[in-house]
Amino acid sequence: MDKSRRGFIAAMSAAGANPAEGAETPQDHQHQSVPSDISLRVKSLESLLVEKGLVDPATLDAIVDTYEHKIGPRNGAKIVARAWTDAAYKKRLLADATAAIAELGFLPTQGEHMAVLENTQKVHNVVVCTLCSCYPWPVLGLPPVWYKSYAYRSRTVIDPRGVLKEFGLHLPDEIEVRVWDSTAELRYIVLPERPNGTENLSEEALAALVTRNSLIGVENIKAPGPEAKA
Ligand code: FE
């Protein structure tokens, strides 16, 4: 059976009501794993919508490709690494994040208006959406489950230091913690502090150090070990 996403859906449609058993050959069997129930339901729904001409499969493929390959926290990491290595870019990023992020070619959807919050030795920023789960998709991907949880949304504004401790981030009392409430109109990413010992690293190597959680502000970036490659 064709293992591509589109090929799988086509084979399922041909197989009728029980697509997981459809169009399988003995050679396929050793590589075959039955998708989860929810996955099968989604694929069945998709095949029906396509069959009835209600959605364009090319459009669906483009959307899936975007989420699989074009958005995600590696984009945010590239922005941070650029800001760490290019002072002029960092200045533009802090002054007008939306424009500076667009400079790197990232899609604006669900990130039409962005702000970047710089962590310093005196200030630590953390981002939450108290209302729902607003999140900068182009540069961070889809939000993690905990970001959408009631506990994170409510407790981060009441006791940010306590929440950060639960993420393993123990901030000294002299560091001011600022909590930013993301909305659909304005979304944030944190510009973490560049760790010590990274003076000789390339922009690419620096980007590899940047974690998703550091871009939300629930962790700091650790200094790399001695094996870090330039
Ligand atoms: Fe929201």
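In terms of other Cβ atoms within 10 Å, 214, 33, 44 run from fewest to most in the order 33, 44, 214. Of 122/222; 91/165; 91/222, which ones are farther than 28 Å apart at the Cα? Beyond 28 Å: 91/165.
Reported to the nearest whole Å, the Cα centre-to-centre distance from segment 38-88 to segment 123-180 is 25. Given R₀ = 35 Å, what would the calculated FRET efficiency be for residue 165 paired with residue 41, taking r from the Cβ atoms and rounding to 0.05? Approximately 0.35, to the nearest 0.05.
No value in this document is a laboratory result; all are computed from the given coordinates. Since the structure is predicted, the reported quantities are computational estimates derived from the model, not experimental observations. Using ideal geometry, Cβ is built from the backbone for each residue, glycine included, and neighbour counts are taken over all protein chains shown.
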